[in-house]
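**Q** The structure under discussion is supplied below as structure tokens; questions concerning it will follow.
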């Protein structure tokens, strides 16, 4: 039976798993119910090995193909899905909406997990490949670096993973379509925290104070010059200061102010440049205003960089599922993904699967589109059968 037809038969089960997970969202590493749900099904499918507790709550399933591995062939590939939700109040009114106030699957990780479970079931039934397919269910993608935690616990070495692949749904990409590119596809994500200490005073006597609000306003404006005047116009960078906290009375110049923001870049060189210039700008404003300014620049997820050969492998699999005209080249995105840590350690590729005309990721009205299930699940299966073919 063709892959897509068999996956279509499995679609009701995969959809039911997805909606079950959607109803019970869990955050970061506290994905105990979801992890147990995943592990139970992997055992039911007959996976040759099911491991739990990697990266605290990650789950791994190993499926051995029934064909012999040839000399020099790829023996083991990893397929990764993320399991965690977001601290957002759901606003969908769906019958399977979140049952936990203040939490929802607003990024589609419920769909990612269900599709990989569907692929695991199919691969366990057919085993039409050589070597091993390792299905990876990761916690804490949303800011917790769960991928790095699983790697630290020995994920890649313990299971002998030689190549690793990831997938994310893409709102705005038509159902049945995929999007991918070689090289940088998603940005690094760094955190900026700035604390300004001026000199408080009466609003009617500003000459006796060092106005932390004015200093903060100058900083917000000055930091924008980094992208517009220090970064090559042909490169990409984002500096966004998104929090500004100061004062509690209209007639008091506050002693302190705090700014918080994020920096996004697509290359190590631009990342270094932006951090350097940010420190220089902060130092300059401090000297100009007389305020004391403390800067914390915390590096987050690295750039997601698709390897060229593995991107070609992913494109081939996607085209076999969706047709050549439905696999598109895409520009890089300035959002981040901790799958970057896996791609730093092993060759692989990250692809986007169309979610249709849905609300955007991290929006209270977002919902993973169940029509994407057949396409995403079939992609995983085709990727394994192509890569581990004999």
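The values are calculated or read from the model by the stated rules, or taken from the named source; none is laboratory data. The structure presented is a predicted model; accordingly, all values stated were derived computationally and were not measured. Note that each Cβ is placed from the backbone with ideal geometry, even for glycine, and that neighbours are counted across all protein chains shown.
**Q** Would you pick out the residues in the range 291-320 that are in a helix (DSSP H, G or I), in contact (Cβ under 8 Å) with a residue 60 or more places away in the chain and in contact with a strand residue (DSSP E or B) (Cβ under 8 Å, 6 or more places away or on another chain)?
**A** Across the range 291-320, the qualifying residues are 308, 310, 311, 313, 314, 315, 318.
**Q** What is the number of the single condition among (1) surrounded by 24 or more Cβ atoms within 10 Å (Cβ to Cβ); (2) assigned by TED's automatic domain parsing to the domain that holds residue 341; (3) farther than 30 Å from residue 320 by Cα that residue 131 does not meet?
**A** That leaves (3) as the condition not met.
**Q** Here's a follow-up. Scan the range 69-111 residue by residue and report those that are closer than 27 Å to residue 156 by Cβ, over 15 Å from the mean Cα position of the chain (by Cα) and touching a residue at least 12 places away in the same chain (Cβ under 8 Å).
**A** Result: 69, 70, 73, 74, 75, 76, 77, 78.
**Q** Among the candidates 172, 200, which residue alone is surrounded by fewer than 23 Cβ atoms within 10 Å (Cβ to Cβ) and within 30 Å of residue 285 (Cα to Cα)? Outline the logic, then answer.
**A** Numbers: 172 fails: within 30 Å of residue 285 (Cα to Cα).
Checking each option against the conditions leaves just 200.
Listed here are the residues, each with its yes/no results for (1) over 24 Å from residue 384 (Cα atoms); (2) in contact with a helix residue (DSSP H, G or I) (Cβ under 9 Å, 6 or more places away or on another chain); (3) surrounded by fewer than 23 Cβ atoms within 10 Å (Cβ to Cβ); (4) not assigned by TED's automatic domain parsing to the domain that holds residue 342.
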| position | (1), (2), (3), (4) |
| --- | --- |
| 167 | no, yes, no, no |
| 182 | no, yes, yes, no |
| 194 | yes, yes, no, yes |
| 210 | yes, yes, yes, yes |
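**Q** Which members of the range 329-343 meet the condition of being surrounded by fewer than 17 Cβ atoms within 10 Å (Cβ to Cβ) and assigned to a strand (DSSP E or B)?
**A** Residue satisfying the conditions is 329 alone.
**Q** Quick one: is residue 243 out of contact with any helix residue (DSSP H, G or I) (no Cβ under 8 Å at 6 or more places or on another chain) and either under 30 Å from residue 333 (Cβ atoms) or assigned to a strand (DSSP E or B) (or both)?
**A** Considered against the rule, which asks whether it is out of contact with any helix residue (DSSP H, G or I) (no Cβ under 8 Å at 6 or more places or on another chain) and either under 30 Å from residue 333 (Cβ atoms) or assigned to a strand (DSSP E or B) (or both), residue 243 comes out as yes.
**Q** Looking only at the range 147-157, decide whether some residue is over 28 Å from residue 191 (Cα atoms), over 15 Å from the mean Cα position of the chain (by Cα) and free of Cβ contacts under 8 Å to residues at least 24 places away in the same chain.
**A** Among the residues of the range 147-157, at least one is over 28 Å from residue 191 (Cα atoms), over 15 Å from the mean Cα position of the chain (by Cα) and free of Cβ contacts under 8 Å to residues at least 24 places away in the same chain, which makes the answer yes.
**Q** Right, here's the next one. Restricting to the range 368-390, give me the number of residues that are within 20 Å of residue 83 (Cα to Cα) and assigned to a loop (DSSP other than H, G, I, E, B).
**A** Count: 2.
Residue-wise test of (1) without any contact (Cβ under 8 Å) to a residue 40 or more places away in the chain; (2) surrounded by 15 or more Cβ atoms within 10 Å (Cβ to Cβ).
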position: 223; (1), (2): no, yes
position: 232; (1), (2): yes, no
position: 237; (1), (2): yes, yes
position: 243; (1), (2): yes, no
position: 247; (1), (2): yes, yes
position: 250; (1), (2): no, no
position: 253; (1), (2): no, yes
position: 260; (1), (2): no, yes
position: 265; (1), (2): no, yes
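**Q** From 71, 56, 33, 41, grab the single residue that is at pLDDT below 95, outside any strand (DSSP E or B), in the same structural domain as residue 153 (by TED's automatic domain parsing) and more than 20 Å from residue 371 (Cα to Cα). Lay out the reasoning, then the answer.
**A** Values: 56 fails: at pLDDT below 95; 33 fails: at pLDDT below 95; 41 fails: at pLDDT below 95.
Being at pLDDT below 95, outside any strand (DSSP E or B), in the same structural domain as residue 153 (by TED's automatic domain parsing) and more than 20 Å from residue 371 (Cα to Cα) holds for just one of 71, 56, 33, 41, which is 71.
**Q** Let me ask you something else. Name the residue, out of 185, 196, that is in contact with a strand residue (DSSP E or B) (Cβ under 9 Å, 6 or more places away or on another chain) and over 30 Å from residue 310 (Cα atoms).
**A** 196
**Q** Right, next: Looking at 365, 349, which is the one that is assigned by TED's automatic domain parsing to the domain that holds residue 66, modelled with pLDDT of 95 or more and surrounded by fewer than 24 Cβ atoms within 10 Å (Cβ to Cβ)?
**A** Being assigned by TED's automatic domain parsing to the domain that holds residue 66, modelled with pLDDT of 95 or more and surrounded by fewer than 24 Cβ atoms within 10 Å (Cβ to Cβ) holds for just one of 365, 349, which is 365.
**Q** In addition: Please work out if residue 205 is over 27 Å from residue 350 (Cα atoms) and either within 32 Å of the chain's Cα centre (by Cα) or surrounded by fewer than 22 Cβ atoms within 10 Å (Cβ to Cβ) (or both). Lay out the reasoning, then the answer.
**A** On the way: over 27 Å from residue 350 (Cα atoms): yes; either within 32 Å of the chain's Cα centre (by Cα) or surrounded by fewer than 22 Cβ atoms within 10 Å (Cβ to Cβ) (or both): yes.
Against the criterion (over 27 Å from residue 350 (Cα atoms) and either within 32 Å of the chain's Cα centre (by Cα) or surrounded by fewer than 22 Cβ atoms within 10 Å (Cβ to Cβ) (or both)), residue 205 qualifies.
**Q** If we keep just the residues of the range 79-105 that are out of contact with any helix residue (DSSP H, G or I) (no Cβ under 6 Å at 6 or more places or on another chain) and assigned to a strand (DSSP E or B), which is farthest from residue 25 (Cα to Cα)?
**A** Among residues in the range 79-105 that are out of contact with any helix residue (DSSP H, G or I) (no Cβ under 6 Å at 6 or more places or on another chain) and assigned to a strand (DSSP E or B), the one farthest from residue 25 (Cα to Cα) is 80.
**Q** Being in contact with a strand residue (DSSP E or B) (Cβ under 6 Å, 6 or more places away or on another chain), touching a residue at least 24 places away in the same chain (Cβ under 8 Å) and not assigned by TED's automatic domain parsing to the domain that holds residue 33 is the requirement here; does residue 160 meet it?
**A** Taking the combined requirement at face value, the residue does not satisfy it.
**Q** Could you look through the range 246-275, keep only residues that are in contact with a helix residue (DSSP H, G or I) (Cβ under 9 Å, 6 or more places away or on another chain) and in a helix (DSSP H, G or I), and pick out the one that is farthest from residue 222 (Cα to Cα)?
**A** Of everything passing the filter in the range 246-275, 273 is farthest from residue 222 (Cα to Cα).
**Q** Got a number for residues in the range 11-36 being buried (at least 21 other Cβ atoms within 10 Å of the Cβ) and farther than 22 Å from residue 362 by Cβ?
**A** Total satisfying the criteria: 3.
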